[in-house]
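The values are calculated or read from the model by the stated rules, or taken from the named source; none is laboratory data. These numbers come from a predicted model, not from an experiment. Neighbour counts run over all protein chains shown; Cβ positions are idealised from the backbone, glycine included. Accessible surface areas use protein heavy atoms only, side chains included; no ligands, DNA or RNA. Shrake-Rupley method; radii C 1.70, N 1.55, O 1.52, S 1.80 Å.
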Amino acid sequence: FRTEDRRRELDTLQSLNREQNRETGDPEVLTRMAQYEMAYRMQMSVPELMNLEGETAKTLADYGAKPGDASFANNCLLARRLVERGVRMIELYDADWDHHNGLQSRLPAKCRDIDRPIAALIRDLGQRGLLEETLIIWGSEFGRTPLSQNPDGKEAAPGRDHHKDAFTVWLAGAGVRSGISIGQTDDFGMDIIDSPVHVHDLNATVLHLLGLHHERLTWKYQGREFRLTDVHGSLIRPLLSDG
């Protein structure tokens, strides 16, 4: 679509919304109008945002990014550009980690795709004074066992199965103490043997870093006060810079 056409279409829609608001006085109409305008501004900013040609050669090299590519490196660089523009929530997703086999070749290749750009993103945000107000959370949907069950009995290339009891999440940025590790598994990575962290503890801590008290963030449903951490969750104090 052309910018002028989109603007004209939105202006017509907003005139109808203003008429409805005059007739009904419904505040939801004003909210809807504001949302349309915000969506328009976001749409119009995309071409400039997505154009990495203006980044320095050093920045592109640090991330391993190439303008026009569809890569995790490009996504990390785009994340920094979104942070600069005040976007509040950014999610980067990377697939093909399901290494039930071929671990010896597939895992190193995947780590090469990920480690460099995510490290560059952290450095870049820090150098630009943005890391202290940006919370980075890196995690996965579950962990990995130190073995593969291989239920069909056939010999398979080394791999690992899904594991819900022990895996790693790391945080960086706003209010997070750097250079520490909390929790420990046994030598096989199977069971937690020291300082376990429950998902409710992590959620409570993330909310704290965002300026929200998890025990006060509630909503009433069917006569009961609910919260995101249910009736659980404690702050992971050693993780906090103001710990």
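Output yes when any residue across region 229-236 is in a strand (DSSP E or B), open to solvent by 70 Å² or more (accessible area, probe 1.4 Å), of a type in the set (A, V, I, L, M) and more than 24 Å from ILE136 (Cα to Cα), and no when none is.
no
For ASP187, all conditions in the list (1) in contact (Cβ under 8 Å) with a residue 12 or more places away in the chain; (2) over 30 Å from ARG227 (Cβ atoms) hold save one; what is the number of the exception?
Condition not satisfied by ASP187: (1).
Look at region 43-58 and say how many of its residues are more than 15 Å from ALA119 (Cβ to Cβ), open to solvent by 60 Å² or more (accessible area, probe 1.4 Å) and assigned to a helix (DSSP H, G or I).
8
Could you check GLU84 against (1) of a type in the set (D, E, K, R); (2) open to solvent by 30 Å² or more (accessible area, probe 1.4 Å); (3) over 18 Å from GLU141 (Cβ atoms); (4) in contact with a helix residue (DSSP H, G or I) (Cβ under 6 Å, 6 or more places away or on another chain) and say which number it fails?
(4)
State all residues of region 106-133 that are free of Cβ contacts under 8 Å to residues at least 12 places away in the same chain and assigned to a helix (DSSP H, G or I); if no residue qualifies, say none.
ARG106, LEU107, PRO108, ALA109, CYS111, ARG112, ASP115, ALA119, GLY126, GLN127, listed by residue number.
Please name all residue pairs, on different chains or six or more residues apart, with Cβ atoms under 6 Å, provided the first residue is in region 32-43 and is without any contact (Cβ under 8 Å) to a residue 24 or more places away in the chain and on the phi < 0 side of the Ramachandran plot and the second residue is surrounded by 11 or more Cβ atoms within 10 Å (Cβ to Cβ) and assigned to a helix (DSSP H, G or I).
Within 6 Å, the pairs are MET33/GLN14; MET33/ASN17.
Within region 84-105, how many residues are assigned to a loop (DSSP other than H, G, I, E, B) and either more than 17 Å from PRO146 (Cβ to Cβ) or in contact (Cβ under 8 Å) with a residue 60 or more places away in the chain (or both)?
Total meeting the criteria: 14.
In region 93-134, how many are over 22 Å from GLY54 (Cα atoms) and open to solvent by 50 Å² or more (accessible area, probe 1.4 Å)?
16
Hey, among ALA73, ALA79, ALA61, ALA39, which residue is over 25 Å from GLN127 (Cβ atoms), open to solvent by less than 70 Å² (accessible area, probe 1.4 Å), part of a helix (DSSP H, G or I) and not basic (Lys, Arg)?
Answer to the selection: ALA39.
Applying the selection to region 176-196, what residues are open to solvent by 90 Å² or more (accessible area, probe 1.4 Å) and either more than 22 Å from the chain's Cα centre (by Cα) or of a type in the set (Asp, Glu) (or both)?
GLN184, ASP187, PHE188, ILE193, PRO196
Of everything in region 10-42, what is touching a helix residue (DSSP H, G or I) at 6+ places or on another chain (Cβ under 7 Å) and of a type outside the set (A, V, I, L, M)? Give them in sequence order.
Within region 10-42, GLN14, ASN17, GLN20, ASN21, ARG32, TYR36, TYR40 qualify.
Specify which of the listed residues (ARG8, ARG32) is surrounded by fewer than 12 Cβ atoms within 10 Å (Cβ to Cβ) and of a type in the set (D, E, K, R).
Going through ARG8, ARG32 in turn, just one is surrounded by fewer than 12 Cβ atoms within 10 Å (Cβ to Cβ) and of a type in the set (D, E, K, R): ARG8.
Considering TYR36, TYR93, TYR63, TYR40, which residue is hydroxyl-bearing (Ser, Thr, Tyr) and touching a Pro at 6+ places or on another chain (Cβ under 6 Å)?
Checking each option against the conditions leaves just TYR63.
State whether one or more residues within region 206-217 are in contact with a strand residue (DSSP E or B) (Cβ under 9 Å, 6 or more places away or on another chain) and more than 30 Å from ARG80 (Cα to Cα).
yes
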